[in-house]
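Laboratory data are not the source of any read-out in this text; all were calculated from the coordinates shown. Just so it is clear, the structure is predicted and the values come from calculations on it, not from any experiment. Cβ: placed from backbone, ideal geometry, glycine included. Neighbour counts: every protein chain shown.
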Amino acid sequence: MVGRAGSGHPGGSLSCADIIAALYFGDVLRVEPDQPNWPGRDRFVLSKGHAAPVLYSALARRGFFSEGLLPALRQFGSPLQGHPDCRKVPGVEASTGSLGQGLSIAVGMALAAKLDVSDYRVWVLMGDGECQEGQVWEAAMSASHYKLDNLIAIVDHNHLQIDGRVEDVMSLDPLAEKFKAFGWHVLSVDGHDVERLMDVFQQAIDVKGKPVVIVAETVKGKGVSFMEGKKEWHGKAPDAGQVEQALKQLAVV
Amino acid sequence: MSEMKATRDAYGEALVELGKHNPDIVVLDADLSSSTRTGVFAKEFPERFFNVGIAEANMMGVAAGLARSGKIPFASTFAVFAAGRAYDQIRQSIAYPRFNVKIAASHGGITVGPDGASHQALEDIALMRVIPGMTVLVPCDAKQARLAVMAAAAHDGPVYIRLGRAKVAPALPEGAGFEIGKGLVLWPDISGEHKGIDHICNHLQQAARPGKPLFDVSFIACGITVGPAIEAARTLEREGMSCLVADMASIKPIDEDLLAKVAKCSSAIITCEEHSVIGGLGSAVCEVVSCIHPVRVVRLGVNDEFGQSGSAEELLEEYGLTSRHFCLSAHNFPGSMAKMPGSKPVFFQQFLG
């Protein structure tokens with residue numbers, strides 16, 4: 001998709017592909033593709049909107065829209081915008097892309113569930129670099145203040161951002177302790193071990209009285225040897241030869 | 001006439017009224033609930049009130065999430081913090097997905113007073129007006145504020161309502177309604193009750209002066225300047241000038257039909273607003289009349305500068321926003337405005353010499 005589009009974010013998409021796959025295909029998210037706005041659905045907010053290709057792939061394969069649409073990513077006139085537009089794509093809960101805003105939106109959704117005494121859960125996926133935005137911590141503060149145990153955040157901790165290693169650009173360490181200090185229940189997991197992810201998701205669901213954050217250790221560009229751990233692949237599209245090589249390694253073809 | 005009342009007071013009361021009838025109404029504030037008057041709602045419906053603390057960006061995002069889940073959130077803080085600090089969140093999280101969030105921003109304009117420039121939003125109308133799909137309302141008195149809040153709640157989509165700190169005298173006649181996208185002609189007051197511009201023009205046409213437009217000057221005003229504009233028109237008429245005053249509370253969408261009619265029957269237009277002359281009501285009026293029926297427009301407001309501390313009255317005097325200034329502007333029109341005390345129309349000096 002990204003190769004055909006000629007632009008996009010393969011690195012951060014691949015780092016969270018296993019997480020999104022586990023959510024959508026591991027019977028975790030309670031969604032009805034035929035009724036994308038079913039009021040009782042679980043919400044999933046992709047705060048790191050640049051990973052849109054993975055979300056679109058998951059939504060299409062779950063039946064929210066035709067897989068035939070996927071090659072139109074980033075094309076003129078396509079609903080598959082470079083960053084998710086919830087007015088254009090069924091199953092997309094919020095229009096994201098300006099980093100740091102998704103957790104606040106998720107807090108609002110979780111509050112609405114509490115008001116309505118509804119049991120839906122709100123999941124939000126953030127990047128690690130994204131946690132440098134101050135709004136994330138405003139939202140983190142409010143989530144624990146309101147005791148939103150129906151809110152589960154996942155941090156795709158791939159340690160890279162556009163300009164380099166997160167630790168070099170603006171260190172987040174100790175990330176887990178920061179969330180703990182903000183009143184969250186913190187879980188950690190290998191973000192590429194789907195079985196472990198499923199396990200941790202269940203643990204997160206079972207936590208009562210506070211919001212949960214899952215810090216998922218990931219590798220940027222996971223599954224494609226020449227992309228793995230390379231910041232250069234944050235926002236660059238592969239050429240035709242690289243696409244072929246990548247798809248072969250990912251065993252898609 | 002009834003008592004002076006701030007538009008923010010009317011807002012608090014309207015919220016309670018709405019809350020009683022609609023369980024989906026929720027209210028958010030960022031530690032200013034006593035000033036914005038959302039505290040009145042909080043007292044009545046504590047379970048539907050969220051004070052997010054001093055965190056405006058998060059407040060707008062939370063409001064977006066609540067709206068996405070079917071609630072009708074009213075998010076309040078001072079206009080400087082709403083339109084300024086949380087601009088990006090309003091643009092990205094609320095307006096782009098067209099979520100049904102109402103941003104009710106109090107303390108708009110210079111009449112915030114003693115807090116000074118840091119708290120005087122003079123750019124908020126411009127900032128909100130430029131966002132696609134955003135409705136922008138600036139009510140002129142307490143009654144209109146209540147009607148604007150009701151209209152905003154009934155409207156599907158994001159709305160920005162600018163409210164004031166200072167008490168204002170009622171400016172609207174009995175029975176005046178409010179509709180998003182509609183302006184109101186408040187002067188000439190030919191029958192004691194509000195009439196549309198067609199009615200007024202037909203009525204006055206009988207006494208029309210051949211070869212001259214019906215009105216020497218038409219004031220288009222919003223917010224706290226509407227009352228003084230009517231007062232100015234009354235004074236000017238006694239001096240022999242014919243005037244019209246239109247209230248333009250709905251700045252976006254703006255009443256293009258009314259503006260076209262006003263432009264066609266006026267020698268000149270003066271816009272009045274407690275906002276920068278760049279990007280606010282004056283600009284919106286120019287954008288419309290320049291392509292429908294060009295007529296000379298003078299924009300009265302705060303020129304390209306920040307405000308300062310002082311009482312509301314002192315500041316209105318300093319920045320040239322009293323009925324006396326409006327009269328002076330009409331007298332001098334279209335001559336040099338630079339003679340006016342407190343008014344430094346840098347743009348017009350270049351053109352008018």
Using a 10 Å cut-off on Cβ atoms, rank the peptides A:196-204, B:289-297, A:165-173, A:4-12 from the highest mean neighbour count down.
A:4-12, A:196-204, B:289-297, A:165-173
Tell me the GluC sites (Glu not before Pro) within region B:187-295 that lie in a loop according to DSSP and have at most 12 other beta-carbon atoms within 10 Å.
B:E193, B:E239
Is there a simple number for the mean count of other chain Cβ atoms within 10 Å of the Cβ of residues in B:85-96, and what is it?
4
Applied in sequence order to region A:133-143, the curve 6.51 cos²θ - 1.76 cosθ + 1.60 (Karplus, θ = phi - 60°) yields integer Hz couplings, x standing for Gly and Pro, of 6, x, 4, 4, 7, 4, 5, 4, 4, 6, 4
Long-range amide H partners of B:W187, meaning residues 5 or more apart or on another chain whose placed amide H is closer than 5 Å, are B:V245
Any idea what the dipole of chain A comes to, in debye rounded to 20, about its Cα centre with Lys/Arg Cβ at +1 and Asp/Glu Cβ at -1?
460
Karplus-derived 3J(HN,Hα) from phi for region B:130-135 (6.51 cos²θ - 1.76 cosθ + 1.60, θ = phi - 60°), whole Hz, x at Gly and Pro, runs 7, 7, x, x, 7, 8
With θ set to phi - 60° and the Karplus curve 6.51 cos²θ - 1.76 cosθ + 1.60, what are the ³J(HN,Hα) couplings of region A:205-219 in order, to the nearest whole Hz, using x for Gly and Pro?
4, 7, 6, 10, x, 8, x, 10, 10, 10, 8, 9, 6, 9, 10
Within 10 Å of the Cβ of an average residue in B:26-36, the count of other chain Cβ atoms is 1
Subtract the Cα-Cα distance of B:D257 and B:Q308 from 0.36 nm times their separation in residues, and report this length gain in nm to one decimal.
14.7 nm
To the nearest whole number, what is the average tally of beta carbon atoms from other chains within 10 Å of the beta carbons of peptide A:110-120?
4
Using amide H atoms built 1.01 Å from N in the peptide plane, name the residues 5+ places from A:Q161, or on other chains, whose amide H lies under 5 Å from its own.
A:V166
Residue (of A:P84, A:Q101, A:V155) at the positive-pole extreme of region A:2-249, dipole from beta-carbon charges
A:P84
Quote to one decimal, in nm, the extra length available between B:D31 and B:E179 on full extension: 0.36 nm per residue of separation minus the C-alpha distance between them.
50.2 nm
Over chain A, the sum of -39500 (n - 2.57) across DSSP H runs of at least four, divided by residue number and rounded to 500 deg cm²/dmol, gives at 222 nm -10000 deg cm²/dmol
Using modelled backbone amide H atoms (1.01 Å from N, in-plane), which distant-in-sequence or interchain residues come within less than 5 Å of B:V26's amide H?
B:I72, B:F74
Magnitude of the Cβ-charge dipole of the protein assembly as shown, K/R +1 and D/E -1, about the Cα centre, nearest 20 debye?
860
Given Cβ point charges of +1 (Lys, Arg) and -1 (Asp, Glu) and nothing else, what value in debye, to the nearest 20, does the dipole of region B:48-120 about its Cα centre take?
360
Go through B:G223, A:G183, A:S47 and say which Cα lies farthest out towards the positive end of the charge dipole of the protein assembly as shown; charges sit on Cβ, +1 for Lys and Arg, -1 for Asp and Glu.
B:G223
Under the rule of -39500 (n - 2.57) per DSSP H run of 4 or more residues, summed and divided by the residues of chain B, what mean residue ellipticity at 222 nm is obtained, to the nearest 500 deg cm²/dmol?
-10000 deg cm²/dmol
At 7 Å along Cα-to-Cβ for each site, give me the label-to-label distance between B:D115 and A:W38 in nm.
4.6
